[in-house]
Amino acid sequence: MKRFVSPFDYAGTIAKALKPDGVLLTAKADTQVNTMTIGWGTLGIQWGKPIFIAFVRGCRHTKGMLDKNPEFTVNIPLGEIDPKILTFCGTKSGRDTDKFAALGLHTEDPEVISVPGIRELPLTLECRVVYTQQQVPEAFLSEKFRKIYPADSQNIHDDFHTAFYGEIVSAYIIE
Ligand SMILES: Cc1cc2nc3c(=O)[nH]c(=O)nc-3n(C[C@H](O)[C@H](O)[C@H](O)COP(=O)(O)O)c2cc1C
């Protein structure tokens, strides 16, 4: 069962979950459902709509999946979860691991988009990507942040993050 909520009633919960532990971002492309840990994310309003912006590095398997099917769910824990879930999903790749099977995670059918939620991380944002922005080295005004990336990057698309602006089309708690 789903209890529908306003994402902004949970803004503090979402921000505190992002740092330091992270939340999950789930994508689906072709027949594969894959999830990865994200620690960067922004909840707000743009174009008059509720938006969650996720920042996904080009080398992630998830990046290719989002390019194919530009929809994702954000899966936020409420209360304690096994810390192994976020560590595992933040270190293993869906290229060679079925993270759902390995961790015994259970999917929940979505309401609006094609990507499921995850019962173990019940606060769910269904997001449809409406805008993407490739981040580039020359746009940094602060060396403190620029130096997170390789100084001699030959492949911006692999090394830098893309911002995926997801319109939040449904938000709920899986009960
Ligand atoms: C706490 C934590 C936060 C992370 N945050 C992000 C993030 O915001 N963006 C990103 O691209 N990768 C982030 N990662 C790394 C990905 O989760 C990791 O590379 C993952 O294995 C990618 O999975 P995939 O290859 O199946 O897409 C984070 C990892 C951890 C442990």
field: Residue in region 124-133 that is closer than 19 Å to A15 by Cβ and among the hydroxyl-bearing types (S, T, Y) present
entry: yes
Scanning region 105-159 for residues that are assigned to a helix (DSSP H, G or I) and either surrounded by 15 or more Cβ atoms within 10 Å (Cβ to Cβ) or in contact (Cβ under 8 Å) with a residue 24 or more places away in the chain (or both) gives I156, H157, D158, D159
The one condition K92 fails out of (1) in contact (Cβ under 8 Å) with a residue 12 or more places away in the chain; (2) buried (at least 17 other Cβ atoms within 10 Å of the Cβ) is (1)
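Check region 73-90 and report whether any residue there is assigned to a loop (DSSP other than H, G, I, E, B) and within 11 Å of the ligand (Cβ to nearest atom).
Yes, region 73-90 contains a residue that is assigned to a loop (DSSP other than H, G, I, E, B) and within 11 Å of the ligand (Cβ to nearest atom).
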For region 161-175, pairs from a residue that is over 15 Å from P50 (Cα atoms) and at pLDDT 95 or above to a residue that is surrounded by fewer than 18 Cβ atoms within 10 Å (Cβ to Cβ) and polar (S, T, N, Q), with Cβ under 6 Å and 6 or more apart or across chains, are H161/Q135; T162/T132; T162/Q134; A163/Q133
By residue number, the members of region 92-104 that are within 13 Å of the ligand (Cβ to nearest atom) and either part of a loop (DSSP other than H, G, I, E, B) or under 17 Å from the mean Cα position of the chain (by Cα) (or both) are K92, S93, G94, R95, D96, T97, D98, K99, F100
When region 1-42 is checked residue by residue, the ones that are surrounded by 12 or more Cβ atoms within 10 Å (Cβ to Cβ), part of a strand (DSSP E or B) and either more than 17 Å from the chain's Cα centre (by Cα) or without any contact (Cβ under 8 Å) to a residue 40 or more places away in the chain (or both) are K2, I38, G41, T42
Condition check for T26: more than 11 Å from the ligand (Cβ to nearest atom) and either among the hydroxyl-bearing types (S, T, Y) or touching a Ser or Thr at 6+ places or on another chain (Cβ under 6 Å) (or both) = no
Reported set for region 69-93 where residues are of a type in the set (D, E) and more than 16 Å from R119 (Cβ to Cβ) is E71
Exception for C59 within (1) farther than 22 Å from E175 by Cα; (2) part of a strand (DSSP E or B) falls at (2)
Q46: passes all of (1) within 23 Å of P122 (Cα to Cα); (2) among the polar types (S, T, N, Q); (3) more than 10 Å from the ligand (Cβ to nearest atom) but (1)
Of those in region 43-56 that are touching a Ser or Thr at 6+ places or on another chain (Cβ under 8 Å) and farther than 18 Å from Y172 by Cβ, the residue surrounded by the most Cβ atoms within 10 Å (Cβ to Cβ) is V56
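The values are calculated or read from the model by the stated rules, or taken from the named source; none is laboratory data. Everything numeric here is computed off the predicted structure, so don't read it as measured data. Reconstructed Cβ throughout: ideal geometry from the backbone, glycine too, with neighbour counts over all protein chains shown.
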